[in-house]
Amino acid sequence: MGQEQPEQELARLREEHRQIKDVLALIQELTSRVVRSDSVGDLFCRAFSTLFRCVPFDVGIAVMIEQNLDLFLTTREGAGALVSEELIAKIRATLERLIPVSFATTEVVVKSETHELPAGEAYSLRCEAVALLEQESRTAGVLLLYREKGFTDDERRILAIFSTQVAMLLATIHAREKITNLADTDDLTGIWNKRYFRRQLPYEIERARTFNVPLSLLFFDIDGFKQINDSFGHVIGDVVLSELCGAARETLRPTDTLARFGGDEFAIILPHTDLYGASKVAERLLQRMRVMTIPTDDESAIRCSISIGIAEYARDESANDLTRRADERLYQSKRQGKNRYTA
């Protein structure tokens, strides 16, 4: 009897030592992998694959709480499309249980979905493990793991340690993104520039193709902008561009991308938006510009209008083709009398 207790204690200590080694190895690999992670989506994909070695699971989800609920999902190789009404309902219920805010009407945006975990017979949403992602004294998101078998207390503790490390890595990526964004932002208007647009549009096209969701592109420019510059000077012309961008941003969703394409020409990428929805956006923009007035130095006021071209993404279409169609329809609006949209 006396011999069993030391043996049991030794086995317990060995198990604790193994768990500590696993956690240290997890942290070390996460730290090294973030250097190779170019985006938040890439980080979560790599991080979930690393966590799987310590805590096996069928589905891993990171929910970032921004203006929307941004989802980054990882599941097993060979699994079908994961996003479903059941899953979204479970996510909303979990968030409302953890955070005293209603997420019933918050839009859900799937940022990435990967199938890189080792293959299994099936994936299950039966049992759940949860950890909060805390950043700058606020809850920035939630990590969710699902599988058929329940999670042990030790596995939940590992997930908590994992979430703390991931939160630090996210802060590093966000700091790096801020520096990168300086090169992708238009100095005058503060919106995205052409360089960013050319990188973002192929990404949105690939997401629309992968998840079979609509995508539209809207091009517009200011009617008679050269005359405004000639009559009032380039300083007032710059004011017009800045005011117009501010008004345009107020009519768009946080998920939409507004970019200065060049001169007085602008582009708007509208994810999850078909031609009908894009036309409604165009109508709001036209109405907003028609009532906007910009004061000048001589106490007069400038009123301006815009012309718009709209194109909806057609499956397997390239970014260049979509851009060309939107631009052609913009000039069609110009030829038809300006201050209108063509879809």
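The values are calculated or read from the model by the stated rules, or taken from the named source; none is laboratory data. Everything numeric in this text was worked out from a predicted model, so none of it was measured. For neighbour counting, all protein chains shown are included, and Cβ atoms are generated from backbone atoms with ideal geometry for every residue, glycine included.
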Residue check: is ALA247 touching a strand residue (DSSP E or B) at 6+ places or on another chain (Cβ under 6 Å) and small (Gly, Ala, Ser)? no
Scanning the stretch 257-292 for residues that are closer than 20 Å to ILE205 by Cβ and free of Cβ contacts under 8 Å to residues at least 24 places away in the same chain gives TYR276
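Out of the residues in the stretch 240-280 that are of a type in the set (S, T, N, Q) and part of a helix (DSSP H, G or I), state the one that is surrounded by the fewest Cβ atoms within 10 Å (Cβ to Cβ).
In this case the residue turns out to be SER242.
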Would you point out the residue of the stretch 306-336, among those that are among the small types (Gly, Ala, Ser), outside any strand (DSSP E or B) and under 31 Å from the mean Cα position of the chain (by Cα), that is nearest to ILE222 (Cα to Cα)? ALA326
Return yes or no: is GLU96 modelled with pLDDT of 90 or more and closer than 23 Å to ALA160 by Cα? yes
The stretch 169-220 - residue that is of a type in the set (D, E, K, R) and touching a helix residue (DSSP H, G or I) at 6+ places or on another chain (Cβ under 7 Å) and, of those, surrounded by the most Cβ atoms within 10 Å (Cβ to Cβ): ASP184
Surrounded by fewer than 16 Cβ atoms within 10 Å (Cβ to Cβ) and either touching a strand residue (DSSP E or B) at 6+ places or on another chain (Cβ under 7 Å) or within 27 Å of GLY80 (Cα to Cα) (or both): is that true of THR139 in this structure? yes
Subset of the stretch 188-236 [over 18 Å from the mean Cα position of the chain (by Cα), over 20 Å from LEU285 (Cβ atoms) and among the aliphatic types (A, V, I, L, M)]: VAL235, ILE236
Are any residues in the stretch 306-326 charged (D, E, K, R) and either outside the structural domain of GLU265 (by TED's automatic domain parsing) or surrounded by 20 or more Cβ atoms within 10 Å (Cβ to Cβ) (or both), and if so, which ones? GLU312
How many of the residues in the stretch 196-214 are polar (S, T, N, Q) and assigned to a helix (DSSP H, G or I)? 2
Does at least one position in the stretch 184-195 carry a residue that is more than 24 Å from LEU275 (Cα to Cα), in a helix (DSSP H, G or I), free of Cβ contacts under 8 Å to residues at least 24 places away in the same chain and among the acidic types (Asp, Glu)? yes
State all residues of the stretch 281-305 that are crowded, with 17+ Cβ neighbours inside 10 Å and either of a type in the set (D, E, K, R) or in a helix (DSSP H, G or I) (or both); if no residue qualifies, say none. VAL281, ALA282, LEU285, LEU286, MET289
When residues of the stretch 235-261 are filtered for being touching a Lys or Arg at 6+ places or on another chain (Cβ under 6 Å) and among the small types (Gly, Ala, Ser), how many remain? 1
Within the stretch 69-86, count every residue that is out of contact with any Phe, Trp or Tyr (no Cβ under 7 Å at 6 or more places or on another chain) and at pLDDT below 90. 9
